[in-house]
Amino acid sequence: MKHLRSIPELGVDGIVRILGLATHMAEVNRRPVPKVPALNGRTVVSLFFEDSTRTRISFETAAKRLSADTMTFSVSTSSVNKGESLKDTIETVSAMGVTAFVVRHKTSGIPWQLSDWTDASIINAGDGWHQHPTQALLDSFTIMSTLERTPSVDCLSGLTIGIVGDIRHSRVARSDIQAFTALGAKVVLVAPRTLLPPAVEGWPVEVSSSLDDVISELDVLYMLRMQRERMNEALVPNLGEYSARYGLDDRRAKMLSHDALLMHPGPMNRGVEMLIDPASLPNNLIMQQVANGVSVRMAVLFDVLGGSETGAGVVS
Ligand code: NCD
């Protein structure tokens with residue numbers, strides 16, 4: 001695989017391959033010295049045109065654990081002109097001998113544009129509302145490994161996963177829906193009509209506007225952040241009303257089935273979608289998602305840069 005730009009491009013076989021590699025990487029991460037020489041001599045550049053805490057650090061940690069050299073190019077959205085300046089940036093940095101760019105940008109489709117301008121691999125760390133493929137891979141890995149299942153095309157079968165909140169503006173939701181359903185899960189979207197994408201009818205999901213109606217049926221409760229920076233109109237009357245209808249509070253936590261898993265991609269808005277301390281729930285996987293993010297991104301970097309012919313032997 002030359003690039004990782006979207007879940008559909010990766011396909012279900014690619015998803016299963018990454019989940020398998022991530023299992024090896026998780027084993028590397030449990031070692032006293034969690035570092036292998038697999039990507040010695042490769043250079044990975046993070047190009048983040050949007051804010052990020054966990055995704056950027058996670059990718060950089062992953063690259064370092066595989067012994068790649070890392071560089072960071074940090075730009076705030078406001079100081080960047082699109083078009084030529086982005087082309088110039090990527091061409092300039094590519095000329096230094098970069099093997100992969102990890103890119104986050106507010107514009108959907110930028111990873112495809114960049115791959116026309118460089119021979120390096122492009123890994124999408126989030127493009128607009130469109131895709132966030134490594135988040136979907138780490139979320140799939142987290143559910144699979146928590147339930148002690150092994151990587152396969154139906155490793156999430158039999159599960160009902162409820163994705164709750166601002167689906168309309170969420171690249172995480174789009175990528176998760178594609179990955180979860182590809183692996184056999186049923187996905188229920190729970191949101192007010194205004195926070196659903198306009199064309200949701202064509203998606204392979206069920207839709208509900210009431211969290212109370214569906215919460216007890218969920219095997220996984222996946223909460224999303226209200227993406228206020230991506231809204232240009234008032235889509236909810238007020239946040240208090242949103243919290244009352246879609247927030248996870250004590251009453252709803254008690255409605256969850258005993259072994260339901262709780263997930264959130266972060267950053268979490270306490271007091272908006274999260275009204276309890278998630279750590280108070282026994283099956284809170286939020287920190288596990290962050291930890292697994294490193295293993296999954298190691299798997300992605302290895303798959304993109306290591307060449308499949310070298311196989312997982314390099315890391316075992
Ligand atoms: C998400 C993102 O930036 O797409 N965060 C993340 O990468 N973990 C979700 C969000 O911004 O709410």
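Odds and ends about this structure:
- Every residue from the stretch 37-66 that is in a loop (DSSP other than H, G, I, E, B) and either within 16 Å of the ligand (Cβ to nearest atom) or touching a Lys or Arg at 6+ places or on another chain (Cβ under 7 Å) (or both): F49, E50, D51, S52, T53
- No other residue among P204, P282, P198 is assigned to a loop (DSSP other than H, G, I, E, B) and at pLDDT 95 or above apart from P204.
- Check on D139, within 11 Å of the ligand (Cβ to nearest atom) and closer than 26 Å to E241 by Cβ: no
- Residue match in the stretch 200-217 (condition: open to solvent by 30 Å² or more (accessible area, probe 1.4 Å) and under 15 Å from L261 (Cα atoms)): yes
- Residues (away from the ligand (no atom under 16 Å from the Cβ) and buried (at least 24 other Cβ atoms within 10 Å of the Cβ)) located in the stretch 98-113: A100, F101
- Under the condition of being assigned to a loop (DSSP other than H, G, I, E, B), closer than 23 Å to D213 by Cα and either open to solvent by less than 50 Å² (accessible area, probe 1.4 Å) or not assigned by TED's automatic domain parsing to the domain that holds T160 (or both), the residues counted in the stretch 255-268 number 4.
- Filter result for the condition that a residue is open to solvent by 10 Å² or more (accessible area, probe 1.4 Å), more than 20 Å from M144 (Cβ to Cβ), hydrophobic (A, V, I, L, M, F, W, C) and modelled with pLDDT under 95, over M231, M226: M231
- Assessment of the stretch 85-95 against the conditions (away from the ligand (no atom under 16 Å from the Cβ), open to solvent by 10 Å² or more (accessible area, probe 1.4 Å) and not in a helix (DSSP H, G or I)) yields at least one matching residue.
- Options L156, L147; residue that is at pLDDT 95 or above and open to solvent by less than 10 Å² (accessible area, probe 1.4 Å): L156
The values are calculated or read from the model by the stated rules, or taken from the named source; none is laboratory data. In this text, all values refer to a predicted model and were calculated from it rather than measured experimentally. As a convention, Cβ positions derive from the backbone with ideal geometry for all residues, glycine included, and neighbour counts pool all protein chains shown. We work out accessible area using only protein heavy atoms, side chains counted, and drop any ligands, DNA or RNA first. Shrake-Rupley method; radii C 1.70, N 1.55, O 1.52, S 1.80 Å.
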